[in-house]
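These notes are about the structure you will find just below.
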Amino acid sequence: MEIKSVGVIGAGQMGNGIAHVCALAGYDVGLNDVAVDRIEEGLATIHGNLIRQVGSNKITEEERQSALKRIRAVASLEEIASADLVVEAAVENEAIKREIFSKVCPHLRPESILASNTSSISITRLASTTDRPERFIGIHFMNPVPVMELVELIRGIQTGDETFEAAKTFCTRLGKTVAVSEDFPAFMVNRILLPMINEAVYTLYEGVGTVEGIDTAMKLGANHPMGPFQLADFIGLDTCLSIMHVLYEGLADSKYRPCPLLVKYVEAGWLGRKTERGFYDYRGETPVPTR
């Protein structure tokens with residue numbers, strides 16, 4: 001099956017990034033969310049990011065204008081379901097994802113592919129709640145989508161070869177490098193990355209180092225472009241905690257136990273950059289450690 005049109009459910013940070021790269025690659029894109037104002041915010045973000053890409057000579061003004069013409073706001077799931085590929089990019093919450101699939105599946109064409117951008121949840125389990133497990137696949141984009149080159153492709157146990165090959169061709173056309181992961185909790189990148197972040201939080205929790213000290217140590221000592229706390233705030237502490245829960249519950253190994261301090265920050269609503277406070281406070285001119 002050739003994919004010509006893409007529907008994206010979720011206009012947040014991941015969803016608008018997916019819509020952005022799809023439109024630049026020549027796909028017709030429909031962007032959906034639960035509220036019209038969220039779709040408008042997503043489109044505004046895409047507009048701003050495309051302007052920045054023109055300014056840095058990554059794309060031309062003609063490419064920017066063409067991409068914007070290919071993206072449209074879609075208010076209903078019924079309308080977005082006409083796409084060849086529908087990508088769910090909602091919050092990392094299995095119950096919410098299941099609800100979306102139950103609502104969109106009745107409107108999908110028999111040949112349409114349904115994908116999830118989940119960063120940790122079982123593709124096999126998500127697929128089993130749909131009417132098309134053989135045409136369901138995990139397409140995990142990295143954040144920020146327009147910048148990051150990698151896409152993890154995850155087959156569920158029932159994912160068909162035709163679906164896999166169509167998804168692989170789609171990702172390649174986006175200019176992404178595909179890494180194929182088995183369907184295990186958190187897949188490859190987050191299976192390695194999130195325990196590192198969680199261990200950094202334990203290192204802070206136990207008083208071994210400060211937020212600033214640990215970030216500096218990992219940037220200069222391990223040559224990481226961002227320290228673990230900077231990265232956690234960028235990802236969102238709620239997302240970090242959700243992935244650690246998936247690892248802990250899915251693999252039943254105590255080494256994946258979420259640090260109590262990470263839990264406390266999430267309970268406080270200090271989720272990182274998106275709430276202006278996490279391990280750093282972003283309300284001033286420069287970020288200030290909160291611990």
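The values are calculated or read from the model by the stated rules, or taken from the named source; none is laboratory data. It should be emphasised that the depicted structure is a prediction, and the values quoted were computed from it without experimental measurement. Positions of Cβ are generated from backbone atoms using ideal geometry, with glycine treated the same way; all protein chains shown enter the neighbour counts.
Answer with yes or no whether ASP84 is crowded, with 18+ Cβ neighbours inside 10 Å and among the acidic types (Asp, Glu).
Working: crowded, with 18+ Cβ neighbours inside 10 Å: yes; among the acidic types (Asp, Glu): yes.
Answer is yes for this residue.
State whether one or more residues within region 149-162 are without any contact (Cβ under 8 Å) to a residue 12 or more places away in the chain, under 18 Å from LEU114 (Cα atoms) and surrounded by fewer than 18 Cβ atoms within 10 Å (Cβ to Cβ).
As a first pass, look at region 149-162 and keep what is without any contact (Cβ under 8 Å) to a residue 12 or more places away in the chain: 161.
Now restrict to residues that are under 18 Å from LEU114 (Cα atoms): 161.
The next check asks that each one be surrounded by fewer than 18 Cβ atoms within 10 Å (Cβ to Cβ); those that pass are 161.
Scanning region 149-162 turns up at least one residue that is without any contact (Cβ under 8 Å) to a residue 12 or more places away in the chain, under 18 Å from LEU114 (Cα atoms) and surrounded by fewer than 18 Cβ atoms within 10 Å (Cβ to Cβ).
Just wondering, is there one or more residues in region 250-257 that are over 20 Å from the mean Cα position of the chain (by Cα), in contact (Cβ under 8 Å) with a residue 60 or more places away in the chain and buried (at least 21 other Cβ atoms within 10 Å of the Cβ)?
So far as region 250-257 goes, yes, one or more of its residues are over 20 Å from the mean Cα position of the chain (by Cα), in contact (Cβ under 8 Å) with a residue 60 or more places away in the chain and buried (at least 21 other Cβ atoms within 10 Å of the Cβ).
Being closer than 21 Å to VAL104 by Cβ, modelled with pLDDT of 95 or more and in a helix (DSSP H, G or I) is the filter here, so list the residues in region 21-36 that pass it.
Within region 21-36, CYS22, ALA23 qualify.
Give the residues of region 53-77 that are surrounded by 13 or more Cβ atoms within 10 Å (Cβ to Cβ), among the charged types (D, E, K, R) and farther than 18 Å from ILE3 by Cα, sorted by residue number.
Residues satisfying the conditions are LYS58, GLU63, ARG64.
If you go through region 250-271 one residue at a time, do you hit one that is farther than 24 Å from GLU94 by Cβ and of a type in the set (Asp, Glu)?
There is no residue in region 250-271 that is farther than 24 Å from GLU94 by Cβ and of a type in the set (Asp, Glu).
Kindly state which helices (runs of 4 or more DSSP H) lie completely within region 126-224 and contain at least 2 residues that are in contact with a helix residue (DSSP H, G or I) (Cβ under 7 Å, 6 or more places away or on another chain) and in the same structural domain as PRO260 (by TED's automatic domain parsing).
Working: elements: 161-173, 189-205, 211-221.
Here the list reads 189-205, 211-221.
Anything in region 265-283 that is over 15 Å from LEU231 (Cβ atoms) and either at pLDDT below 95 or surrounded by 13 or more Cβ atoms within 10 Å (Cβ to Cβ) (or both)? List them, or say none. First the steps, then the outcome.
Initially, region 265-283 is screened for residues over 15 Å from LEU231 (Cβ atoms), giving 266-270, 275-277, 281, 283.
Within region 265-283, VAL266, ALA268, TRP270, THR275, GLU276, ARG277, ASP281 qualify.
Could you tell me which residue of region 139-148 is surrounded by the most Cβ atoms within 10 Å (Cβ to Cβ), considering only residues that are without any contact (Cβ under 8 Å) to a residue 60 or more places away in the chain and touching a strand residue (DSSP E or B) at 6+ places or on another chain (Cβ under 8 Å)? Can you show your working first?
Looking only at region 139-148, we keep the residues that are without any contact (Cβ under 8 Å) to a residue 60 or more places away in the chain, and these are 139-140, 142, 147-148.
Filter again for touching a strand residue (DSSP E or B) at 6+ places or on another chain (Cβ under 8 Å), leaving 139-140, 142, 148.
Values: ILE139: 26, HIS140: 24, MET142: 16, MET148: 14.
Per the criteria, the residue is ILE139.
Filtering region 1-17 down to residues that are in contact with a Leu (Cβ under 9 Å, 6 or more places away or on another chain) and crowded, with 22+ Cβ neighbours inside 10 Å, which residue is farthest from GLY272 (Cα to Cα)?
VAL6
Yes or no: region 212-226 includes at least one residue that is at pLDDT below 95 and among the basic types (Lys, Arg).
no
Residues in region 113-138 that are among the polar types (S, T, N, Q), surrounded by 24 or more Cβ atoms within 10 Å (Cβ to Cβ) and closer than 10 Å to PHE101 by Cβ: how many?
Of the residues in region 113-138, 1 are among the polar types (S, T, N, Q), surrounded by 24 or more Cβ atoms within 10 Å (Cβ to Cβ) and closer than 10 Å to PHE101 by Cβ.
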